[in-house]
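Heads up: the structure comes next, in C-alpha cells.
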Amino acid sequence: MNLRVKKFGLLLLAAAMLFGSGRVQQSLNHDRDTLGLTRTAVLENAPPGLAFTTVALGGFRGLISNFLWIRANDLQQDDKFFEAAQLADWITKLEPTFTQVWLFQAWNMAYNISVKFKENEPGVYTDRWNWLNRGIELLRDEGLRYNPNSILIYRELAWFFQHKMGQNLDDANMYYKAQWAGEMKNFFGVNGTNFDRLLHPQTAGDFQQLHVLTNQFKLDPAFAKSVDDKYGPFDWRLPEAHAIYWGAKALDEAARNPDKVKTDDLITVRRIIYQSLLQAFHHGRVIADPFTMGYSLGPNLDMVAHVNEAYTNFYAEEPDPGQKDGILKAHRNFLRDAIYFLYEADRTSEAQKWFNYLAEKYPDKPIVENDFSSLPKDLTLDEYAVRVTQIDIGETSQERVTAAIEGLLTRAYYDLAVGDEDRYQNLKNLASRVHDRYVKNTASSNGPTRIPLMDFKDMQLTVVRQLLNPENGVPYAARAALVTRLRLPASMLMPDNAAMNNATNAVEMISTNGVTTNGVSPAQP
C-alpha cells in the first residue's frame, strides 16, 4: 500500500476516534452533572481558593478526597475528632457538588461523633450539642450553598430536626430542644408563634432579628408562615416545626426541578413531613415549669384538622401502593390518638366529631390496640376513652401520660366546681397514681429518666391556670365556682393582667404551702 495512502487512512482513523471520544466525553459530562459527581462549569459563589482547587486539580480531586476520607475514618477510630472534622472540611471542598459527601460528613458529626461525648455536668451536654449543631450548619450553611437544588440535603436537614433533636432516643434530647428553643425564642417570641415582627419589621431591632434569621439560620419567614398556615399552628421554638419547614422546602425545590428528582426521594421527604406532624401533635405544646424555669411538652390539639388533611393529601399523592397502605395505617393511629387526647382535654364535641369520622373512614378496623372486637360500631366515645385510659396507666410515653394526667385533673376540677368533692378527689388520686407509675417505670438506674414528666404538683398548677384563664378557660360561672371551692381570691375572676398575676401567685401559694394568702385552708389543687 502506498505510504501516503496509509498516512491518510491513519489520519482519518485518528479524526474518527477524536470525534467519538468527544461524543463519549459529552455523555460522561452529562452523567457526571446529573449525578453531581463533578462540575464541568466554573463553581459559582465559591471563595477564590476553592474555585482554584476545583479547576487546578481536575480529576485528581476524587483520588485525593478518597485518601482523605480513609485518613479521616482512621482518626475518628482513634477518637481524634477535631482532626477528623478538619479533614472532612477538606473533603467537602474537594468535592463541593457531590451531595453524598455533605450527607455523610454531616451525619457523621451529628450521630457518630456527638455520642462519644458524655455530660459536661448533670443534664448538660454542651459537646454533644456543638457536634449536632455543626452537622446542621454543614448542610444548611455550606452544602446548600453549592447544591441549592439538592432534595437530599433538604431531606437530611429535616431528618436531623425530626429524629436527632425531636425524638427522645438520645439521652441529650431535652438539652437539644432547650438549646434550640432558646435560639428560636429570640425570633418567634416566648410562645413561638409570633410572625408579625418578622413579616412586618418596624424597629431597628426587628430588622436586626430578621437579618440574623435569614442569614445565619437561613429561614425565610414568609415561607415559614405558609408552612404554619398549611400544617400548623406550630410552636416554632420546637424542632418539629423546622423539620416540616425543611421538608416543605424539599418539596418546593422538587416542584421547581422535576428532572433532578427521584421518586424514592420524594417518598422519604413526605414521610418525614407526616411523621414530624404526628410528633408535633403529640408533643408540640410547651408547658412552662414555674419552679425550675424549665418546661415540659404536651399535645398540640389545635393541629388536628391540619394533620388529618396532610395525611389525606399525602395518600392521594403517593404513587406506590405499598406506601399508601403505610400512610393509611399511620392516619388511623393518628385519629385514635386525636380522639383520645381531645376527650382527655374535655373537648368532647371535637372528640365525638373525629370519632364519627374514624368510624366512617375505617369501619372494619379495630379502634383499640390489639383488640379485634373493638370495631367503631361496637363502642361509644366514652367506652373507647375509658379503655384507652386503662391502657395508658401502664404507658411509658411521656406525651400520652401527660395528656392522661391533664385530662383527669381537668375533669376533677370540673367535678369540684359542681360540688362533687368525692369524685374530684378520686380523679385526682387516679391522676397521681398514673404519674407515680410513669416515674417508676421510666426511672433509670444511673440517674433521672431521659423522658422526664413534670412534677405532679406543677401539673396541677398548670391545669388550674388554664381553667381560670379568662380568655380561653372555662365559663365565668365555672371559674367562680372553682375559685370559691379552692378558697382563692375573688380578684382571680377579673379579666385583666393584674388579676391573672394575682391568680398565679395565689395558686402557687396553694401548691407550695396548702394555704391561701388569707390563711384559710382550701381544697387542695
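Results, tabulated for the structure shown:
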| item | result |
| --- | --- |
| Residue count, the range 133-181 (criterion: within 24 Å of Phe281 (Cβ to Cβ) and either touching a residue at least 24 places away in the same chain (Cβ under 8 Å) or open to solvent by less than 20 Å² (accessible area, probe 1.4 Å) (or both)) | 26 |
| Qualifying residue in the range 466-473 (condition: under 23 Å from Val286 (Cα atoms), at pLDDT 75 or above, open to solvent by 40 Å² or more (accessible area, probe 1.4 Å) and in a helix (DSSP H, G or I)) | yes |
| Residue within the range 368-379 that is surrounded by 13 or more Cβ atoms within 10 Å (Cβ to Cβ), among the hydrophobic types (A, V, I, L, M, F, W, C) and in contact with a Phe, Trp or Tyr (Cβ under 6 Å, 6 or more places away or on another chain) present | no |
| Close pairs (6 angstrom Cβ cut-off, 6 or more residues apart or separate chains): of a type in the set (A, V, I, L, M, F, W, C) in the range 99-120, open to solvent by 40 Å² or more (accessible area, probe 1.4 Å) anywhere | Met109/Arg134; Phe117/Asp127 |
| Positions within the range 318-344 being under 19 Å from the mean Cα position of the chain (by Cα) and at pLDDT below 85, in sequence order | none |
| Leu266 surrounded by 16 or more Cβ atoms within 10 Å (Cβ to Cβ), in contact with a Pro (Cβ under 6 Å, 6 or more places away or on another chain), among the hydrophobic types (A, V, I, L, M, F, W, C) and in a helix (DSSP H, G or I) | no |
| So Asn191, is it surrounded by fewer than 18 Cβ atoms within 10 Å (Cβ to Cβ), outside any helix (DSSP H, G or I) and either on the phi < 0 side of the Ramachandran plot or not polar (S, T, N, Q) (or both) | yes |
| Residue count, the range 380-398 (criterion: assigned to a helix (DSSP H, G or I) and open to solvent by 30 Å² or more (accessible area, probe 1.4 Å)) | 6 |
| Filtered residue count, the range 314-343, keeping only those that are open to solvent by less than 60 Å² (accessible area, probe 1.4 Å), in a helix (DSSP H, G or I) and over 18 Å from Gln279 (Cα atoms) | 4 |
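The values are calculated or read from the model by the stated rules, or taken from the named source; none is laboratory data. This structure is a prediction, so every number in the text was calculated from the model and none was measured. Note that we place each Cβ from the backbone using ideal geometry, even for glycine, and neighbour counts take in every protein chain shown. Calculation scope for accessible area: heavy atoms of the full protein, side chains included, ligands and nucleic acids excluded. Shrake-Rupley method; radii C 1.70, N 1.55, O 1.52, S 1.80 Å.
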